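**Q** Quick one: the structure is below, questions incoming.
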Amino acid sequence: MPDAMVAASNSQATSGGTTHQVDVAVVGAGFAGLYLLQRLRKDGFTTVALEEADDVGGTWYWNRYPGARCDIQTIDYCYTFDPELESAWKWSEKYATQPEILRYLGFVADRYDLRRDIRFCTKVTAARWDQATERWLLTTDNGAAVSCRYYIMATGCLSSPKPPEIDGVKDFKGEVYFTGRWPHEEVKLAGKRVAVIGSGSSGIQSIPLIAEQAAHLTVFQRTPNFALPAHNGAATADRVALLEGDRAGYREQARWSGAGVPLPKQTVCSWQLSDPERRERFENAWAIGDLIFMSSQLWADQRVDVDGDALVAELFREKIRTIVKDPGIAASLIPYDHPFGAKRPCLDTNYYATFNRPNVTLVNLRQEPIKSIMASGIKTDKRTFDVDVIVFATGFDAMTGAIMAVHPIKGRGGKSLSDIWANGPQTYLGLTVTGFPNLFMITGPGSPSVLSNMVVSIEQHVDWVVDRLIAMRETGFTTLEATETAQHGWARHMADCSTLTLHRLANTWYTGANVPGKAQGVMPYTGGVGPYRSICNEVVSRGMVGFRLTGPNIAEQCNDGEVVRLQPDVRLVLNMLEEMKLAPIESLGAQGARDFVAEFNADRPAGRPVGEVVDGTLPGTDGPLPYRLYRPATPGPHPIVVYFHGGGWVLGDQQSDDPYCRDMCRRSGMIFVSIGYRHAPEHRFPTAAEDGYVATRWISEHAGELGGQPGSVLVAGWSAGGNIAAVICQLARDRGGPHIAGQLLVCPITDCTFDRPSYNDNATGYFLTRSLMYWFWDIYCSPADRIDPRVSPLRGKLAGLPQAFVVTCEFDPLRDEGIAYGDALAAAGVPVEQLKARGHIHSSFTMVDVVITGVSGRVQMAEALRRFAGLPPERKQGDEGVRPARTATPHKIAAAAE
Ligand code: NA7
């Protein structure tokens, strides 16, 4: 590349043979490095990019294997920072080939004259932070060292090929190629016996083309993958029309989407569709040939719930069986060891059909592992395959490999990044690392990166980082570093996010499982591109929360803390509610509030099916009380849980917690009977409690008729319903029955003392407000009555009560009175367990299929109920424990929670 070499020598000349001084050094000249250069230069920073290759392109420079293409539609997989650039370049295909993408990146480099700031053929060999000068010193294998204020790794996620870990590679006498380091000159495979090891994206893209050339191709497959036909050709007309209709809007939608591609939220759940309807959706997606579409547009629960996902996987398997003629080969090609999407699914052109060719052999390494590579070919534990060429499509040391390849990177106090990351990468926002001031990573571990359209993520990272550098220049700060608190908080938030999807359930390069000895854990951010962007923005709007900034002649600034303490889906729900700018419920009047709740609930995700739902009435003190009974699908009789809905004694009815009752019925395998007790202001204290007591007694006496186990019942309730359940336990003890085997109290109201910290800390902003609680109290109960244990059970006698499971949420005004009740029960000798749900709000557990992170709490609640009822801890349908039961959502909030 003559241009490149000229650029390199110019660059070194300016350094005068001594240390090359710049404001910002960038490592890598792929998508990220090029955009960095463009922005940094535009914003007045001196900069240099150090690039190991002799040209731009990054991953698209190295991955030249036959069939290499992007697997996001090209109209989405390109820069959007400059509308003129968008109109200056026309893509020729729906999925561009590697040569075309490389040409595009060359075009971008030339258009913005970026090559003059790139030192090609230059590898960074080490990097060291010098505290005295507050600069990074980068040594290189070619030319001057670089001294910079800011050091930005734009090294890509898939640029460090993984060794094949197979004995004897060096003994092989034929040709050896790695897909990730494919030669520039033509590789002639015609007439040769070729082996391909690996069936990830690179293998799946190259195998059909290699099969067309080779005399014989033998594919060595360890793990089969899901692959979807690309149906490549011209760019899809409807997508192009959308883009051209409103380019800015289209791009903006991508920026706030889940994966960086503008597709609508799916709202229908798999169980709301019939078999033929699901099949039709799948066939449509198969015909469209778009991974993001297939992964997100079939039904709302597909990516997040094992059952919803399994339906997709099975339809894939049917396709493979149809395409591959030999049933034995088809069986080997069918993936069973991971949920669809948990491992990167692939986009193919004739991949499965290639195994119908007479010149192709599939070797299933699960049945006959490779023993070694010999001079003449490959030996499994059953056979020997003589080949002329071996192609290793064995993947990468992903996400961390390229960063750690610069070794050592020594931060403050001389600590090395490889040591600090020995147990897995730790970052703040995926962009920075504590102890490494002024070091940034683009698409680093902890950012959405590989789970997103990379270009969208790259542009967001670059803009965010460069904007910070500008802000520091303007304010006089010269160093920026993530705090320990912030980094720990991000690790916790990452772990919370990882429960939202199924990625944690597969051994993949996302989790580090493909590299022997590598620390394992989900490395990319699974919370989505849009939410990630909003968090980065929040860091700034809250005064650089989690960063320490210093500079000469300026006071240190450190707004220490965690940027996200809420569960990720709870945060989205709250943001959504804030955007809706709802009037305070207490301003609507009782009837207005009831209408609002009814409207709100009508729009929420439908609960999952249970065996039977029966509406009925039972005799109350002053007339019939309605109830709704949820029966499990399993054979009865079942223990009965008498349930009391939430709503501050004012709102709701026996159906208002329908999704929660269904969910708990499925999980616990018990009958739930939700009681329509009477409400204030029409019926004030103590009506709700007395109705609840009468209903519980009646249900206990008629358990057999209801299909339940006679003898005893359990009680449960949420919020004011939790209050009623707690009170009933006291009344039942004092009034001679019924026998209650256990009580489940979810965020219960237990006292009328408003000075506990949670009433202040969580007074506003978390859905249930202090003001709304005051309103509920005023409507239900006069001040004089408030100390009565029938409304303040914490003030009652607690000894001799049924065993209890008390759930409280961190961001709930009622948190501390729930905890106080649990503690008081324990002090009174009542067996009690408390679940203190971190990051949750008052309604987290009843927002079923909206707040997905609430699942594990409901699993624990169901287990407690089963224990109380003397049932074995076996789980019922829909249950998972280690996995989320995400389903979703004909619902605005649910859509946001995606
Ligand atoms: P991948 O997706 O990591 O695939 C590598 C493949 O190589 C995969 O099938 C591996 O099996 C297989 N492999 C790795 N090591 C071995 C050994 N030692 N023996 C046998 N088979 C082995 O990398 P790709 O390059 O295909 O794709 C990377 C990404 O680039 C892709 O997801 C796109 O985003 C673009 P395993 O699954 O580990 O059992």
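**Q** Hey, with R₀ at 41 Å, roughly what FRET efficiency would Glu280 and Glu134 work out to, going by the Cβ-Cβ distance, to 0.05?
**A** Values: r = 61 Å, r/R0 = 1.49.
My answer for the efficiency is 0.10.
**Q** Now a separate question. Express the accessible area of the chain per residue in Å², computed with a 1.4 Å probe while the remaining protein chains stay in the model. Could the numbers behind the result be given before it?
**A** Numbers: 32100 Å² over 898 residues.
Result: 36 Å² of accessible area for each residue.
**Q** Also, I was wondering about something else. Could you run the Karplus curve 6.51 cos²θ - 1.76 cosθ + 1.60 with θ = phi - 60° over the range 153-167 and give me ³J(HN,Hα) per residue in whole Hz, x for Gly and Pro?
**A** 8, 10, 8, x, 9, 10, 10, 10, x, 8, x, x, 6, 10, 5
**Q** On to the next question. Determine the distance separating the Cα centre of the range 340-409 from the Cα centre of the range 471-506; give it in Å without decimals.
**A** Each part reduced to its Cα centre gives a spacing of 35 Å.
**Q** Can you give the local net charge around Asn63? Use residues other than it whose beta-carbon is closer than 11 angstrom to its beta-carbon, Lys and Arg +1, Asp and Glu -1. It would help to have the intermediate numbers written out before the result.
**A** Working: positive: Arg64, Arg69, Arg181; negative: none.
Overall, the nearby charge balance is +3.
**Q** Next up: Summing +1 for each Lys or Arg and -1 for each Asp or Glu, what net charge is found among the other residues whose Cβ lies under 10 Å from the Cβ of Ile292? Mind showing how you got there, number by number?
**A** On the way: positive: none; negative: Asp71, Asp76, Asp290.
With Lys, Arg at +1 and Asp, Glu at -1, the net is -3.
**Q** For a quick check: with amide H placed at 1.01 Å from N, whose amide H comes under 5 Å from Lys371's, ignoring anything fewer than 5 positions away on the same chain?
**A** Lys379, Thr380, Asp381
**Q** Going through the range 284-359, which chymotrypsin sites (Phe, Trp or Tyr not before Pro) have at most 16 other Cβ atoms within 10 Å and a DSSP loop state?
**A** On the way: sites: Trp286, Phe293, Trp299, Phe316, Tyr336, Phe340, Tyr351, Tyr352, Phe355; in loops: Trp299, Tyr336, Phe340, Phe355.
Hits after loop and neighbour filter: Tyr336.
**Q** Another one. Could you give log10 I(q)/I(0) at q = 0.05, 0.07 Å⁻¹ for the chain, computed by the Debye formula over C-alpha point scatterers of equal weight, without solvent?
**A** With one equal scatterer per Cα and no solvent, log10 I(q)/I(0) is -0.34, -0.64.
**Q** On the protein heavy atoms, probe 1.4 angstrom, tell me the percent of accessible surface of the chain carried by carbon and sulfur. List each step's numbers first, then the result.
**A** Numbers: 16660 of 32100 Å².
So the carbon and sulfur contribution to the accessible surface is 52 percent.
**Q** At 7 Å along Cα-to-Cβ for each site, give me the label-to-label distance between Asp761 and Lys371 in nm.
**A** The answer from the label model is 6.3 nm.
**Q** Let me ask you something else. Quick one: Cα centre-to-centre distance for the range 224-275 and the range 655-678, in angstrom?
**A** After rounding, the separation between the Cα centres reads 37 Å.
**Q** Sticking with this one: Take the alpha carbon atoms of the range 74-125, find their radius of gyration, then divide it by 2.2 N^0.38 Å using N residues; give the quotient.
**A** Values: Rg = 12.9 Å, N = 52, 2.2 N^0.38 = 9.9 Å.
Relative to the rule-of-thumb radius for its length, the range 74-125 sits at 1.31.
**Q** Calculate the FRET efficiency for Asn559 and Glu701 from the Cβ-Cβ distance with a Förster distance of 56 Å, rounded to the nearest 0.05.
**A** Working: r = 60 Å, r/R0 = 1.08.
Using R0 = 56 Å, I get an efficiency of 0.40.
**Q** Now a separate question. Residue separation times 0.36 nm, minus the C-alpha to C-alpha distance between His488 and Asp171: what's the value?
**A** Working: separation 317, 0.36 × 317 = 114.12 nm, distance 4.67 nm.
Gain in length upon complete extension: 109.5 nm.
**Q** Report the local net charge at Leu801: Lys and Arg +1, Asp and Glu -1, summed over other residues whose C-beta lies under 13 Å from its C-beta. Display every interim value, and only then the final one.
**A** Details: positive: Arg733, Lys797; negative: Asp734.
Charge balance in the 13 Å sphere: +1.
**Q** What translational diffusion coefficient, in µm²/s and rounded to a whole number, does the Stokes-Einstein relation yield for the range 207-360 at 10 °C and a viscosity of 1.306 mPa s, taking the hydrodynamic radius as the Kirkwood radius over Cα pairs?
**A** The Stokes-Einstein estimate is 93 µm²/s.
**Q** Next question. Between His231 and Asp141, what is the label-point separation in nm under the 7 Å Cα-to-beta-carbon projection?
**A** Between Asp141 and His231, the simple spin-label model gives 4.5 nm.
**Q** Moving on to the next point. Per DSSP helix of 4 or more residues, -39500 (n - 2.57); summed, then divided by the residues of the chain. What does that give at 222 nm, rounded to the nearest 500?
**A** Details: 28 runs with 305 residues, N = 898.
It lands at -10500 deg cm²/dmol.
**Q** Compute log10 of I(q)/I(0) for the range 302-427 with the Debye formula, placing one identical point scatterer on every Cα and leaving out solvent, at q = 0.17 Å⁻¹, to two decimals.
**A** Computed log10 I(q)/I(0) values: -1.05.
**Q** If I take every Cα pair under 8 Å that is 6 or more residues apart in the chain, average their sequence separation and divide by the length, what percent do I get for the relative contact order?
**A** With pairs under 8 Å counted, the relative contact order is 11 percent.
**Q** Might you work out the accessible area of Glu283 for me, using a 1.4 Å probe with all protein chains in place, and round it to the nearest 10 Å²?
**A** So the heavy atoms of Glu283 present about 80 Å² to solvent.
**Q** On a C-alpha basis, how far is the centre of the range 692-719 from the centre of the range 760-792 in Å? Whole number, if you could?
**A** Measuring centre to centre over Cα atoms gives 28 Å.
**Q** In addition: Can you list the residues, at least 5 places off or on another chain, whose amide H is less than 5 Å from the amide H of Leu362, using H built in the peptide plane?
**A** Result for Leu362 returns Val219.
**Q** Oh, and also: Please work out the FRET efficiency for the pair Ala513 and Tyr774, using the Cβ-Cβ distance as r and a Förster radius of 45 Å; give the result to the nearest 0.05. Please list the in-between numbers first.
**A** Details: r = 52 Å, r/R0 = 1.17.
Here the calculated transfer efficiency is 0.30.
**Q** Taking the range 698-830 as the region of interest, what is the percent of Cα-Cα pairs per 10 angstrom bin, listed from the shortest bin to the one with the maximum distance?
**A** 13, 42, 30, 12, 2
The values are calculated or read from the model by the stated rules, or taken from the named source; none is laboratory data. Since this is a predicted model, take the numbers as computed values, not measurements. In this analysis, Cβ positions are derived from the backbone assuming ideal geometry, glycine residues included, and neighbour counts consider all displayed protein chains. Ligands, DNA and RNA are stripped out before the accessible areas are found, and what is left, the full protein with its side chains, is counted by its heavy atoms. Shrake-Rupley method; radii C 1.70, N 1.55, O 1.52, S 1.80 Å.
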